[in-house]
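Undergrad: What follows is a single structure, and I will ask about it in a moment.
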Amino acid sequence: MIENELKIAALEGNSFSGKTTLAESLQKLYGFGVVHEYDKYSGGGYNFPAFPPESYQEAKRAVDFFVELEKRRSGDALETAGKTNIGVVMDRSFYSCISFQRTVNILLPSVPNAYLYSLDVFEKQVGTKDILVPPVLIYVEPQSSAVFQKRVESRGRVPINFLNEQKTFESMQLWYYDLVKRNYTNNNGFVLTTLEGQIELTTHNAMEFLSSADYSVGRFAILTNFLQNERQNNA
């Protein structure tokens, strides 16, 4: 089976958006394979590189850290997808790393970031087929900013404090909207609102999209368009 025939979708979104709950529900209710988030591959989030980095070199090393995890996750996604006709969902993709670096660049300009480096690394690793460009993408978001804040307080704030802030949520949200709008236009991109207290309905809505999504879209075409847009926006 060639790669473009494999049913692989990535779930993207901010912390507290409901990605992991949705992935687990798709697995439980419909039998999807799941590639878990980065902390499952690193032995826990406490093994992530320290933030904030003290230098640009440290910021680059942090990107490289997630590159190595993404290589393993991409391999697992391809292997699992080759064994099922139902499909595989990845809880995040390398877009998360790029989005994080971009947000640091915009909201925390005094903190070293490796945003442009993350774009270069993505291009290189996709070119060598070590990292997967998700052929299908769902951006997952909570119903409202009020729900986001409620989840932050009820589930416990994440250690990198600025990820708990409303302005961070809004900045990432706009970036993901643009990512879907510009790069996932062939019935392979979807913005999904997670309905508070209605996980089965949310999962059904995701399933309806995933069952009709186009997984055959050329991934290099997605990559080329994505990189062109990002670099133009930062020229």
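Undergrad: When you scan the stretch 182-197, do you find a residue that is at pLDDT below 95 and crowded, with 19+ Cβ neighbours inside 10 Å, even just one?
TA: Yes.
Undergrad: A follow-up question, please. Could you please let me know if residue 158 is exposed (fewer than 15 other Cβ atoms within 10 Å of the Cβ), under 24 Å from residue 73 (Cβ atoms) and not aromatic (Phe, Trp, Tyr)?
TA: yes
Undergrad: Hey, another quick one. Restricting attention to the stretch 43-63, and to residues there that are exposed (fewer than 15 other Cβ atoms within 10 Å of the Cβ) and outside any loop (DSSP other than H, G, I, E, B), which single residue is nearest to the chain's Cα centre (by Cα)?
TA: Checking each candidate, the answer is 45.
Undergrad: Continuing with the same structure: If residue 76 passes every condition in (1) in contact with a strand residue (DSSP E or B) (Cβ under 8 Å, 6 or more places away or on another chain); (2) in contact (Cβ under 8 Å) with a residue 60 or more places away in the chain; (3) assigned to a helix (DSSP H, G or I) but one, which one does it miss?
TA: Going through (1) in contact with a strand residue (DSSP E or B) (Cβ under 8 Å, 6 or more places away or on another chain); (2) in contact (Cβ under 8 Å) with a residue 60 or more places away in the chain; (3) assigned to a helix (DSSP H, G or I) one by one, residue 76 breaks only (2).
Undergrad: Which of the numbered conditions does residue 21 fail, given that it passes all the others? Conditions: (1) crowded, with 23+ Cβ neighbours inside 10 Å; (2) within 24 Å of residue 143 (Cα to Cα).
TA: Failing condition for residue 21: (1).
Undergrad: Being among the polar types (S, T, N, Q) and within 20 Å of residue 155 (Cα to Cα) is true for just one of 93, 42, 15. Which residue is that?
TA: From the options 93, 42, 15, the qualifying one is 15.
Undergrad: Looking at 154, 110, can you tell me which residue is farther than 24 Å from residue 8 by Cα, of a type in the set (Ser, Thr, Tyr) and not in a helix (DSSP H, G or I)?
TA: Testing whether each residue is farther than 24 Å from residue 8 by Cα, of a type in the set (Ser, Thr, Tyr) and not in a helix (DSSP H, G or I) leaves just 110.
Undergrad: Something else: So, in the stretch 121-151, exactly how many residues are under 29 Å from residue 201 (Cα atoms) and either assigned to a strand (DSSP E or B) or free of Cβ contacts under 8 Å to residues at least 60 places away in the same chain (or both)?
TA: Residues that pass the stated criteria total 14.
Undergrad: For residue 68, only one of the following conditions fails: (1) at pLDDT 95 or above; (2) within 24 Å of residue 185 (Cα to Cα); (3) surrounded by fewer than 24 Cβ atoms within 10 Å (Cβ to Cβ). What is its number?
TA: (2)
Undergrad: Considering the stretch 43-74 alone, what residues qualify as being polar (S, T, N, Q) and farther than 21 Å from residue 133 by Cα?
TA: Once the filter is applied, which keeps residues that are polar (S, T, N, Q) and farther than 21 Å from residue 133 by Cα, the stretch 43-74 yields 47, 55, 57.
Undergrad: Still on this structure, please answer the following. Test residue 161 against the criterion of being within 19 Å of residue 99 (Cβ to Cβ) and at pLDDT 90 or above, and give yes or no.
TA: So residue 161 passes the test.
Undergrad: Just to be sure I understand, how many residues within the stretch 157-172 are in a helix (DSSP H, G or I) and either touching a residue at least 60 places away in the same chain (Cβ under 8 Å) or closer than 19 Å to residue 22 by Cα (or both)?
TA: 7
Undergrad: Residues 50, 81, 62: which one is at negative phi, touching a strand residue (DSSP E or B) at 6+ places or on another chain (Cβ under 9 Å) and small (Gly, Ala, Ser)?
TA: 81
The values are calculated or read from the model by the stated rules, or taken from the named source; none is laboratory data. What you see is a predicted model; the values in this text were computed from it and never measured. Heads up, the Cβs are rebuilt from the backbone with ideal geometry, glycines too, and the neighbour counts pull from every protein chain shown.
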